[in-house]
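Chemist: Questions regarding the structure given below will be posed in turn.
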Number of protein chains: 2
Amino acid sequence: MAEPTDIPRAVIQRISIYLRQLERLTVDDVETISSAQLGKAIGSSDAQVRKDLAYFGQFGRRGVGYNVPALARALRTILSLDREWRVALVGAGNIGRALCTYRMFRERGFRIVALFDDDPRKEGCTWGRLKVRPMRDLARVVRNERIELGIIAVPQAGAQAVAEQLIAAGVRGILNFAPIRIHPPGGVEVCSVDLAIELQQLAFLTAHLHR
Amino acid sequence: MAEPTDIPRAVIQRISIYLRQLERLTVDDVETISSAQLGKAIGSSDAQVRKDLAYFGQFGRRGVGYNVPALARALRTILSLDREWRVALVGAGNIGRALCTYRMFRERGFRIVALFDDDPRKEGCTWGRLKVRPMRDLARVVRNERIELGIIAVPQAGAQAVAEQLIAAGVRGILNFAPIRIHPPGGVEVCSVDLAIELQQLAFLTAHLHR
DNA sequence: AGTTGTGAACTGATTCACAGCC
DNA sequence: GGCTGTGAATCAGTTCACAACT
C-alpha cells in the first residue's frame with residue numbers, strides 16, 4: 001500500500017476504468033472475475049491489474065479471483081465516489097451545456113449546483129434548474145453551496161482569471177477545458193482536457209500510419 | 001531523428017503545446033526563444049523541450065535559441081497541420097454541438113463536413129451549414145466527401161457500432177468521446193477522451209490532498 | 001489446478017551534464 | 001557567455017516469474 005499522493009495518475013485512471021467495467025459486470029450478475037479477464041476487457045495485462053490494485057490493498061482470493069460487487073464497492077470508496085461532489089460550472093457556452101447535461105457525471109455523484117457566465121446576455125437565463133449567474137456572485141455561492149470542485153468551460157482569454165477566482169473562492173479541484181496551463185497554489189488540484197490537442201495528436205498518428 | 005511510429009504520445013502532445021505557445025509568441029512578434037523559456041511557459045524543463053524536438057531534427061542555433069516563426073512552421077509540418085483534415089461527426093447531441101462549434105478545431109484546419117445521428121427526430125435538422133444525416137448514408141458520404149477522420153459523440157450503447165461503421169466506411173482516425181475501449185484494426189488510429197474519468201481522477205486527487 | 005500478491009528484471013521516459021557551436 | 005544537441009545516468013512504470021494460498 002502507498003500514500004495516495006504518490007500513486008501515479010495512470011493508475012488512478014485505470015482504477016476508474018476497472019470500476020466502470022465492474023459495474024457493468026454487476027448488472028450482468030457476474031460474481032467473480034480474475035485479473036486476466038478484467039485486464040482483457042479493458043485492454044491491459046493481468047499483472048497490470050494486480051499491481052494497480054496492490055497500491056490500495058488486497059482484494060482477491062488466490063485460486064479464485066475477485067468478487068465483483070465487493071471490489072466495485074472498494075474501488076468506489078478508494079476513488080471517493082461514495083459521496084456527493086458539489087461542482088460549479090463556469091462558462092454557459094456549448095461546452096458548458098454539454099457538461100451540464102452529461103449523464104455520467106450525475107450518475108457518479110457529481111452535482112453541478114451553480115452555473116456562472118459573465119456575458120450579460122446570458123445572465124438570468126435558466127438551463128434546466130440552473131440559473132446563469134454573474135461571476136461577481138461566485139465567491140458567495142461557492143461558500144453557501146459548499147462547492148468543492150470547479151469546471152472551467154470558457155474561452156482561453158478568460159480562463160486564467162476564472163481559475164484564480166475559483167481558487168480564491170475556496171474550490172479545491174478544477175477541471176479545465178481551456179487551452180492554457182493553470183498553475184494552482186498548493187492545496188488545489190487541476191486536471192485539464194485539451195480537445196484541440198487530442199485531435200491534433202490523432203491527426204499526427206493518422207498521417208504517419210503505414211497503411 | 002526517429003520513425004514517426006515510435007515517438008511516444010506524450011512527446012506528440014507536448015509538441016502540440018509548444019506549437020500553440022509559439023503561435024502566441026508569433027502574434028506578440030517575439031523573434032527568438034530558448035528551450036528554457038519555452039519550457040517555463042508550458043511547464044516543462046529545458047532538457048525536455050530539446051529532447052522532444054530532437055525526435056524530429058535540429059531546429060535551434062547554439063548560443064541563440066530557436067527562431068519562433070520558423071520553429072512554428074516546422075512543427076505545423078511535423079504535426080500535419082499544414083493541410084485540411086475532413087472530419088465526420090457522429091452524434092448530434094450536446095457534446096456533438098459543442099465540438100461542431102469549437103473554434104480551435106477550425107483554426108487548426110479540421111473541418112467537420114458531415115454530421116450523422118440515427119435519431120429520426122433529428123434527421124434533416126440543420127446545425128449551421130450542416131444537415132443531420134442518418135447513419136445509413138455514412139459510407140457514401142465519407143467516400144464522396146473524402147473524409148479521413150471521425151468523431152464519436154454518441155452514448156456508450158451505440159459507440160462500438162458507430163466505430164465499426166466509421167472504420168468500414170474508410171475513416172483512418174477516430175476521436176472517441178464514448179466511455180468504451182475501441183479495438184481498431186491495423187491501419188486505424190483511435191484517441192479517446194473520457195470526461196467521466198477525468199472528473200473522477202480530479203475527485204480522487206482533491207479528496208487526498210493534504211491541505 | 002488455478003489465481004493472487006509481489007520482489008526482481010526490464011523497458012521506456014526524463015533529467016543530468018557537458019562537448020560543440022554561435 | 002549563452003544555448004543547443006546528445007550520450008550517460010537516473011527515475012518511473014510495466015512486465016515477468018514464482019512463492020503463497022484456496
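Read the figures in this text as sums done on the coordinates, not as results from a lab. Quantities reported herein were computed from a predicted structural model and do not represent experimental measurements. As a convention, Cβ positions derive from the backbone with ideal geometry for all residues, glycine included, and neighbour counts pool all protein chains shown.
Chemist: Please compute one quarter of the surface area of the Cα convex hull for segment B:1-122 and express it in square nanometres.
Modeler: 9.1 nm²
Chemist: While we're here: Given the -39500 (n - 2.57) contribution per DSSP H run of 4+ residues, what per-residue ellipticity at 222 nm results for chain B, rounded to the nearest 500 deg cm²/dmol?
Modeler: Counting only the DSSP helices, I get -13000 deg cm²/dmol.
Chemist: For a quick size check, give me the Cα extents of the protein assembly as shown along its three principal axes, largest first, whole Å.
Modeler: 58, 51, 47
Chemist: So how far, in whole Å, is the C-alpha centre of segment A:40-78 from the one of segment A:132-150?
Modeler: Segment A:40-78 and segment A:132-150 have Cα centres separated by 38 Å.
Chemist: Here's something else I'd like to know. Using a Cα-Cα cut-off of under 16 Å, which lysines could be cross-linked to residue A:40, ignoring same-chain neighbours fewer than 8 residues away?
Modeler: Partners within reach: A:51.
Chemist: Amide H neighbours of residue B:85 under 5 Å, at least 5 residues apart or on other chains, H built in the peptide plane: list them.
Modeler: Sorted by chain and number, the residues that satisfy this are B:110, B:111.
Chemist: Per-residue Cβ counts within 10 Å, from other chains only, averaged over B:186-196: what number is that?
Modeler: 6
Chemist: Just to be sure I understand: with springs between alpha-carbon atoms less than 10 Å apart, which residue in B:172, B:97, B:121 has the highest mean-square fluctuation in the Gaussian network model of chain B?
Modeler: B:121
Chemist: If the reach is capped at under 20 angstrom between alpha carbons, list the aspartates and glutamates near residue A:122, excluding any in the same chain fewer than eight residues apart.
Modeler: Hits, sequence-local ones excluded: A:137.
Chemist: When DSSP beta bridges are limited to those with both residues in chain B, what percentage is antiparallel, rounded to the nearest 5?
Modeler: 25 percent
Chemist: Put the label 7 Å from Cα along Cα→Cβ for residue A:155; what are its distances to the other copies, in nanometres, shortest first?
Modeler: Going from nearest to farthest copy, the values are 3.3 nm.
Chemist: Given the rotation relating A and B, tell me which residue in A puts its Cβ closest to the axis and the distance in Å.
Modeler: Closest Cβ on chain A to the axis mapping it onto B, in Å: A:98, 2.
Chemist: In nm², what is the average projected area of the convex hull enclosing the Cα atoms of chain B?
Modeler: Hull-based average projected area comes out at 15.0 nm².
Chemist: Say we join alpha carbon atoms closer than 10 Å with springs in a Gaussian network model of chain A; which of A:115, A:89, A:199 then has the biggest fluctuation?
Modeler: A:199
Chemist: If you don't mind, there's one more thing I want to ask. Before anything else, pin down the relative contact order of chain A: Cα pairs under 8 Å, at least 6 apart, normalised by residue count, whole percent.
Modeler: 13 percent
Chemist: Separate question: Under Stokes-Einstein, with the Kirkwood radius over Cα pairs standing in for Rh, what whole-number D in µm²/s applies to segment B:106-178 at 4 °C and 1.567 mPa s?
Modeler: For these conditions, the coefficient is 102 µm²/s.
Chemist: Between copies, how far apart are the residue B:34 label points? List them in nm, one decimal, shortest first, with each point 7 Å from Cα toward Cβ, please?
Modeler: Distances between equivalent label points, in nm: 5.7.
Chemist: Placing the label point 7 Å from Cα along the Cα-to-Cβ direction, what are the distances from residue B:187 to the equivalent spots in the other copies, shortest first, in nm to one decimal?
Modeler: Relative to the other copies, residue B:187 has label-point distances of 5.7 nm.
Chemist: Averaged over peptide B:164-176, how many Cβ atoms belonging to another chain are found within 10 Å of each residue's Cβ?
Modeler: Across B:164-176, the average partner-chain Cβ count within 10 Å equals 2.
Chemist: Once both labels are modelled 7 Å past Cα along the beta-carbon direction, what's the residue B:123-residue B:26 spacing in nm?
Modeler: In this crude spin-label approximation the distance works out to 4.4 nm.
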